[in-house]
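What follows is a short report on a single structure.
The values are calculated or read from the model by the stated rules, or taken from the named source; none is laboratory data. Every value quoted in this text rests on a predicted model; they were computed, and no experiment measured them. In this analysis, Cβ positions are derived from the backbone assuming ideal geometry, glycine residues included, and neighbour counts consider all displayed protein chains. Quick note on the areas: whole protein, heavy atoms, side chains included, nothing else; ligands and nucleic acids left out. Shrake-Rupley method; radii C 1.70, N 1.55, O 1.52, S 1.80 Å.
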Amino acid sequence: MPAAPASPAPAGRALFVYYRVEPGQLVATVDAVRAMQQRLRDDHPGLRAELWRRPPAEGQPVTLMETYATRGGVDDALAAAIEAAALALPPGRLGERHVEVFEPAG
């Protein structure tokens, strides 16, 4: 049976993915996420993928946020590709990746 077509994304729909890592895992995690995001950009022309972090407090876990957007919006197929790529990230996160979807307010 063929796969169901991806649902269209509202114009500008973006993904925000956040999680925490221990300070000792920060460099390895950042390097791995940046490499993953570059592969995703290579595979999906027009994808804007960025990595942000909350300003760290000494000795405390660091919150990272990945952002993903395209001019036409992130559809279900692209969201699934992002999640599949993230499965290969190294361990070291504290808890799960939290995915939030936002759309322009209008």
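Of note:
- Of all residues in segment 21-39, those that are touching a residue at least 24 places away in the same chain (Cβ under 8 Å) have Cβ atoms under 9 Å from Cβ atoms of residues that are of a type in the set (Asp, Glu) and crowded, with 18+ Cβ neighbours inside 10 Å, 6 or more apart or on another chain, in 33/66; 36/66; 37/66.
- On inspection, residue 50 qualifies as open to solvent by 80 Å² or more (accessible area, probe 1.4 Å), on the phi < 0 side of the Ramachandran plot and in contact with a helix residue (DSSP H, G or I) (Cβ under 8 Å, 6 or more places away or on another chain).
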